[in-house]
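Notes follow once the structure below has been shown.
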Amino acid sequence: MSGMMGIYYLDGRSVNKQDLEKMVNTLAHRGPDGADIWHDGNLGFGHRMLWTTPESLLEKLPLVNQTGDLVITSDARIDNREELLSILQINDCPLEKITDTQLILAAYQKWGELCSEHLLGDFAFAIWDRKKETLFCARDHFGVKPFYYYYQPNQEFIFASEIKALLCLPHVPRRLNEVRIGDYLALMMEDQKITTYKNILRLPPAHSMVVSQSGIQQWSYWSLNPEHEIHLADNEAYAQEFRQIFTEAVKCRLRSAFPMISQLSGGLDSSAVTCVARNLLAGVGKTPLHTISSIFDKVTECDERPFINAVLEQGGFIPHYIHGDEFGPLSNLDSIFQYEDEALLGPSHFYPWMIYRAAKELGMRISLDGFDGDTTVSHGIARLTELGRQGKWKALIQEAKAVAAQHNVSPYVVFRGHGLPYLQDLVKKWQWIKFVKTVQLIHKHFGVSRKLLIIDHGIKPLWEQIQLFWRGQHRQKASPDWSVPQTPLVNRNFAQRIRLDERMQTLDPPREAPLTLRQEHWRSLTQGILAYTLEQMDQYAAMFSLEVRHPFMDKRLIEFCLALPSEQKLYQGWGRMIMRRALEGILPESIQWRGGKADLSPNFNNGLLNRDRQILDQVMSQKIKHLEKYINLDFLQTAYQRILSADNQASNDDWMTVWQAVILASWLDFKGLAP
């Protein structure tokens, strides 16, 4: 994790050295190990250095190549170094002294604007090509490294790792983008280009961009293939392949010149990363791996110490702890808002803040994180829907019962939600014999009335088909569901002004059920919320000059998991089955076969109502009224009163409604942007 920035005046103005220095100083927290600038005429680069890898100790950025026609600034860690070193044949420097930025520059020299397609890792960079008079920029596949820019055609293009480095320049306007406010309140972060500031944009993940005096060209250099499927010999072959790819994903993120710390929550993901990292470090004689865990002495239902200890008891760790119930979700907001450039979306932000602060106090520079292994590997619940669509009723009933046992719910409730809607498909296809046999099967396993099944899923759908036929509509294609999602927190006048309903219909993932598990898995991996969350995590870590590395965000691992057959994701009620098989003997059994993990909402609720009650009441009484143009105050106050009521009738939606409004009001007030 470093900081980069640059100015390109398209109208020919000379870059002011003081402006670059101001940007560099604004991002001082991202790189305490050095700072430098380079400028020539109408273009200039800046950089803040954080040493992490052995090669970075030798690095000096911005970097100018030997002929002086290429200049680069970057925030990057390249993971396919050996492959690139073999292809690029950089002979003028010992291999162990070749930095990641040199590799990027050499890749650009060989492949030009296609170079991003050959890079693996987390990266954001900009290269000035003096011969072409173009600025080439790129960002990694999932958006681990941020890239923001301000662009005025024919005038200027300014970029940086954080928005605040753009806003520190007086000629960059600091105006609120109300469309983004609407997206935030609707919990819809699918637009991967805009930010909360007008005319300040983000380069989307897996995108490259060329900036020149003739304008901007931007394109996606990679996308996930939702059609590709892997076929291997047996379960052991799948498990072995997963183990190899996952181990490599962790290994390439262990390249460090300093001790590392791993975030250990006791869940399957963080434990997997921590155990594999420990084994790899021990294999090369490195010092034990530090771990850091949140523990809960007061809100004990959130405490995961039995599972954390199961990992630590294997040995090879130096454990550290923070007390997750000593702070609340509104604690330290002023400190956080000094660094976070957009409103916080998730209610668990204070855990990483505490963890990163503690890691900084321990002298750490690099933290491993099991972030979003759920999405990468997939719990596979959509396999139930897939089996229903395929008419594989026996397999569906078996899986529904197994899933129900894991989650302590009624088997018929699981079956009804995922499979029963597709019973009527047999009627629509006039497959009455299969329909009757399936009804009998459902009755046998769940004891449901055959009469009701026949009426509700046979006769009624058939009658609807007949009615459509006589109305002459049988030839029409089924129209999509364009019903507008409910956003009761949003002021309807505001929603109409920014055309929020239209945006939701256009940007939100399709609301109809996916046809296959792979389709559902692909949707979850391509949602805009993923990059938005990674950006906020980057800024949390940057507050403490820390780089966070995410093995589950490895391109190779994600491509492999997406392409797996559905039974490798959900099997006999166990989600993420391939991962459980693959880590046999690496994870403690109690974690390998965990069905779920602790719900942290009691600690959030307790923190909001008790530890941070004074702040909550102050915001609700003094700051919320400034959001009247954006939110439905009556709806908010009703939810707030339910939260405060002694009968504990507040729903999860009530908590989220109050959280969104309070955080938005606090953030706008701190930034001086409140209407």
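Select, from Ile624, Ile631, Ile591, the only residue that is within 25 Å of the chain's Cα centre (by Cα) and open to solvent by less than 10 Å² (accessible area, probe 1.4 Å).
Criteria check complete, one pass: Ile591.
Name the residues in segment 642-657 that are open to solvent by less than 70 Å² (accessible area, probe 1.4 Å) and either closer than 27 Å to Arg174 by Cα or of a type in the set (S, T, N, Q) (or both), would you? Before you say what the answer is, go through the steps one by one.
We begin by selecting, within segment 642-657, every residue open to solvent by less than 70 Å² (accessible area, probe 1.4 Å); these are 643-645, 650-651, 654-657.
Residues satisfying the conditions are Ser645, Ser651, Thr657.
Filtering segment 366-409 down to residues that are more than 30 Å from Val273 (Cα to Cα) and part of a loop (DSSP other than H, G, I, E, B), which residue is modelled with the highest pLDDT?
Lys392
Run Gln244 past the list (1) on the phi > 0 side of the Ramachandran plot; (2) surrounded by fewer than 17 Cβ atoms within 10 Å (Cβ to Cβ) and report the number of the one that doesn't hold.
Answer for Gln244: the failing condition is (1).
Please work out which residue is farthest from Thr101 (Cα to Cα), limiting yourself to segment 59-74 and to residues that are assigned to a loop (DSSP other than H, G, I, E, B) and open to solvent by 40 Å² or more (accessible area, probe 1.4 Å). Spell out the reasoning first.
Of segment 59-74, the ones assigned to a loop (DSSP other than H, G, I, E, B) are 59-62, 65-69.
Subsequent filtering for residues that are open to solvent by 40 Å² or more (accessible area, probe 1.4 Å) retains 60, 66-67.
On the way: Lys60: 9, Gln66: 14, Thr67: 16 Å.
Within segment 59-74, the match that is farthest from Thr101 (Cα to Cα) is Thr67.
Looking only at segment 75-99, count how many residues are surrounded by 14 or more Cβ atoms within 10 Å (Cβ to Cβ) and either more than 19 Å from Cys252 (Cα to Cα) or of a type in the set (Lys, Arg) (or both).
Residues meeting the conditions: 4.
For the structure I just gave you, tell me whether Trp128 is open to solvent by less than 40 Å² (accessible area, probe 1.4 Å) and part of a strand (DSSP E or B). Before you say what the answer is, go through the steps one by one.
Values: open to solvent by less than 40 Å² (accessible area, probe 1.4 Å): yes; part of a strand (DSSP E or B): yes.
For Trp128, the condition - open to solvent by less than 40 Å² (accessible area, probe 1.4 Å) and part of a strand (DSSP E or B) - is met.
Here is a list of conditions, (1) over 30 Å from Thr26 (Cβ atoms); (2) open to solvent by less than 70 Å² (accessible area, probe 1.4 Å); (3) assigned to a loop (DSSP other than H, G, I, E, B), and Ala239 meets all of them except one; can you say which number that is?
With (1) over 30 Å from Thr26 (Cβ atoms); (2) open to solvent by less than 70 Å² (accessible area, probe 1.4 Å); (3) assigned to a loop (DSSP other than H, G, I, E, B) applied to Ala239, the lone miss is (3).
For the condition more than 23 Å from Met656 (Cβ to Cβ), without any contact (Cβ under 8 Å) to a residue 60 or more places away in the chain and surrounded by 18 or more Cβ atoms within 10 Å (Cβ to Cβ), what is the one hit in Val403, Val414, Val377?
Val414
Given the criterion closer than 22 Å to Leu608 by Cα, assigned to a loop (DSSP other than H, G, I, E, B) and either open to solvent by 40 Å² or more (accessible area, probe 1.4 Å) or modelled with pLDDT under 95 (or both), identify the matching residue among Pro352, Pro347.
Pro347
Is it the case that segment 477-493 has a residue that's in a loop (DSSP other than H, G, I, E, B), open to solvent by 50 Å² or more (accessible area, probe 1.4 Å) and modelled with pLDDT of 85 or more?
Yes: one or more hits.
Within segment 157-179, count every residue that is open to solvent by less than 10 Å² (accessible area, probe 1.4 Å) and either outside any helix (DSSP H, G or I) or modelled with pLDDT under 95 (or both).
From segment 157-179, those open to solvent by less than 10 Å² (accessible area, probe 1.4 Å) are 157-163, 165-166, 169, 172; that's our starting set.
If we keep only those that are either outside any helix (DSSP H, G or I) or modelled with pLDDT under 95 (or both) as well, we get 157-163, 169, 172.
Adding up the residues that qualify gives 9.
I'm trying to understand the selection: among the residues of segment 426-440, which are of a type outside the set (A, V, I, L, M), modelled with pLDDT under 80 and part of a helix (DSSP H, G or I)?
Answer for segment 426-440, where residues must be of a type outside the set (A, V, I, L, M), modelled with pLDDT under 80 and part of a helix (DSSP H, G or I): Lys428, Trp432.
Among the residues of segment 547-580, how many are of a type in the set (S, T, N, Q) and open to solvent by 10 Å² or more (accessible area, probe 1.4 Å)?
Looking only at that region, the number is 2.
In segment 262-298, how many are within 18 Å of Gly324 (Cα to Cα) and buried (at least 19 other Cβ atoms within 10 Å of the Cβ)?
Qualifying residue count, segment 262-298: 12.
Is it the case that Asp617 is in a loop (DSSP other than H, G, I, E, B), surrounded by fewer than 18 Cβ atoms within 10 Å (Cβ to Cβ), free of Cβ contacts under 8 Å to residues at least 40 places away in the same chain and not basic (Lys, Arg)?
no
Quick check on my filter: what residues within segment 196-211 are buried (at least 21 other Cβ atoms within 10 Å of the Cβ) and in a loop (DSSP other than H, G, I, E, B)?
Scanning segment 196-211 gives Thr196, Leu203, Pro205, Ala206.
Test Glu55 against the stated conditions and say whether it is open to solvent by 40 Å² or more (accessible area, probe 1.4 Å), within 21 Å of Cys252 (Cβ to Cβ) and acidic (Asp, Glu).
So Glu55 fails the test.
So, Ser545, is that one in a helix (DSSP H, G or I) and in contact (Cβ under 8 Å) with a residue 40 or more places away in the chain or not?
Criteria not met by Ser545.
Go through segment 342-378 and report how many residues are acidic (Asp, Glu) and touching a Leu at 6+ places or on another chain (Cβ under 8 Å).
Residues meeting the conditions: 1.
Just to be sure, is Gly363 surrounded by fewer than 16 Cβ atoms within 10 Å (Cβ to Cβ) and in a loop (DSSP other than H, G, I, E, B)?
Taking the combined requirement at face value, the residue satisfies it.
State whether the residues of segment 511-521 include one that is open to solvent by 60 Å² or more (accessible area, probe 1.4 Å) and without any contact (Cβ under 8 Å) to a residue 40 or more places away in the chain.
Yes, the conditions are met somewhere in segment 511-521.
Considering only residues of segment 429-457 that are among the charged types (D, E, K, R) and within 42 Å of the chain's Cα centre (by Cα), which is least open to solvent (accessible area, probe 1.4 Å)?
Across segment 429-457, the extreme among qualifying residues is Asp456.
Could you run through segment 1-44 and say how many residues are within 28 Å of the chain's Cα centre (by Cα) and open to solvent by 60 Å² or more (accessible area, probe 1.4 Å)?
Residues flagged as within 28 Å of the chain's Cα centre (by Cα) and open to solvent by 60 Å² or more (accessible area, probe 1.4 Å) within segment 1-44 amount to 1.
Can you spot a residue in segment 310-319 that is in a helix (DSSP H, G or I) and crowded, with 22+ Cβ neighbours inside 10 Å?
Yes, that holds for at least one residue.
Does segment 636-651 contain any residue that is within 18 Å of Leu344 (Cβ to Cβ), at pLDDT 95 or above, in contact with a helix residue (DSSP H, G or I) (Cβ under 7 Å, 6 or more places away or on another chain) and assigned to a helix (DSSP H, G or I)?
Narrowing segment 636-651 to residues within 18 Å of Leu344 (Cβ to Cβ): 636.
Keeping just the survivors that are at pLDDT 95 or above gives 636.
With in contact with a helix residue (DSSP H, G or I) (Cβ under 7 Å, 6 or more places away or on another chain) added as a condition, the list becomes 636.
From what is left, the residues that are assigned to a helix (DSSP H, G or I) are 636.
Scanning segment 636-651, I find at least one residue that is within 18 Å of Leu344 (Cβ to Cβ), at pLDDT 95 or above, in contact with a helix residue (DSSP H, G or I) (Cβ under 7 Å, 6 or more places away or on another chain) and assigned to a helix (DSSP H, G or I), so the answer is yes.
Can you run down the residue pairs with Cβ atoms below 6 Å, 6 or more apart or on separate chains, where the first is in segment 1-17 and over 18 Å from Phe136 (Cα atoms) and the partner is small (Gly, Ala, Ser) and part of a strand (DSSP E or B)?
Listed pairs, sorted by first residue: Val15/Gly44.
The values are calculated or read from the model by the stated rules, or taken from the named source; none is laboratory data. Owing to the predicted nature of the structure, the values given are computational and were not obtained by experimental measurement. With ideal geometry, Cβ positions are generated from the backbone for all residues, glycine too; neighbour counts draw on all protein chains shown. The area values use the complete protein model at the heavy-atom level, side chains included, leaving out ligands, DNA and RNA. Shrake-Rupley method; radii C 1.70, N 1.55, O 1.52, S 1.80 Å.
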